[in-house]
Every structure is written in C-alpha cells, then in structure tokens.
Amino acid sequence: MISQLEKGREVSFNEIQKGDLVFFGTKRAYHVGMYISDKNEAPKIIHCVSNGVKVDAFTEEKHWKPSKVYKFKRFHKIEKK
C-alpha cells in the first residue's frame with residue numbers, strides 16, 4: 001500500500017470519480033477501497049473485509065470525515081463523454 005500512496009494524483013472529495021482509491025487512516029493509511037459510483041449514483045466503495053469483498057455506501061457520517069480518510073488518489077485517466 002505504501003507504493004500506492006507515493007504514486008497517482010491526489011484529488012479532493014469533490015473531485016472523486018469512479019476508479020479512484022480511498023485510503024483510510026489518520027496519521028497513516030491502514031485500509032484502502034475503490035470508489036465505484038458515477039456522479040448520478042449514490043456514492044459507494046468496494047473494499048476487502050475479513051470474510052471477503054464488500055460494497056458499502058460511502059457517506060460523510062460513516063467514512064469520509066477527515067478523521068477517517070487519509071487521502072483520495074487517482075491512478076487512471078478520465079475519459080470525457
């Protein structure tokens with residue numbers, strides 16, 4: 001996960017797009033998920049949990065407060081439609 005943090009382009013929550021990685025942590029990242037929603041959909045992430053893979057709603061109350069999200073990173077090119 002360290003090399004993922006060193007690569008890519010950091011984006012803000014307002015810029016987050018499908019395929020961006022969401023790193024969770026406070027002083028360092030301890031978990032990562034992928035944002036999987038389009039702009040017109042309810043925000044969701046996919047991530048690994050102890051018993052497999054899970055899709056969760058990505059809500060302010062539950063996830064992206066500054067106390068929980070370490071960084072948002074983009075590793076892909078966004079195609080304009």
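Considering only residues of the stretch 6-27 that are over 11 Å from Phe75 (Cβ atoms), in contact (Cβ under 8 Å) with a residue 24 or more places away in the chain and surrounded by 14 or more Cβ atoms within 10 Å (Cβ to Cβ), which is farthest from the chain's Cα centre (by Cα)?
For the stretch 6-27, the residue satisfying everything is Gly25.
Name the residue, out of Val22, Val11, Val32, that is touching a Leu at 6+ places or on another chain (Cβ under 9 Å) and modelled with pLDDT of 85 or more.
Val32 is the lone residue from the list that is touching a Leu at 6+ places or on another chain (Cβ under 9 Å) and modelled with pLDDT of 85 or more.
Specify which of the listed residues (Tyr30, Tyr35) is aromatic (Phe, Trp, Tyr) and open to solvent by 50 Å² or more (accessible area, probe 1.4 Å).
Exactly one of Tyr30, Tyr35 is aromatic (Phe, Trp, Tyr) and open to solvent by 50 Å² or more (accessible area, probe 1.4 Å), namely Tyr30.
In the stretch 39-54, what count of residues is obtained for those that are closer than 18 Å to Phe75 by Cβ and open to solvent by less than 80 Å² (accessible area, probe 1.4 Å)?
Count: 3.
Being within 26 Å of Glu6 (Cβ to Cβ) and open to solvent by less than 50 Å² (accessible area, probe 1.4 Å) is the filter; apply it to the stretch 57-81 and report the residue that is modelled with the lowest pLDDT. Quick ask: steps written out before the conclusion?
Just the residues of the stretch 57-81 that are within 26 Å of Glu6 (Cβ to Cβ), to begin with: 58, 63-79.
Narrowing further to those that are open to solvent by less than 50 Å² (accessible area, probe 1.4 Å): 58, 63, 69, 72-74.
Values: Phe58: 81, His63: 55, Val69: 74, Phe72: 82, Lys73: 85, Arg74: 86.
Ranking the qualifying residues of the stretch 57-81, first place goes to His63.
The values are calculated or read from the model by the stated rules, or taken from the named source; none is laboratory data. Please read all numbers here as calculations on a predicted model, not as lab measurements. With ideal geometry, Cβ positions are generated from the backbone for all residues, glycine too; neighbour counts draw on all protein chains shown. The protein model used for the area step is the full one, side chains on, heavy atoms only, and it has no ligands, DNA or RNA in it. Shrake-Rupley method; radii C 1.70, N 1.55, O 1.52, S 1.80 Å.
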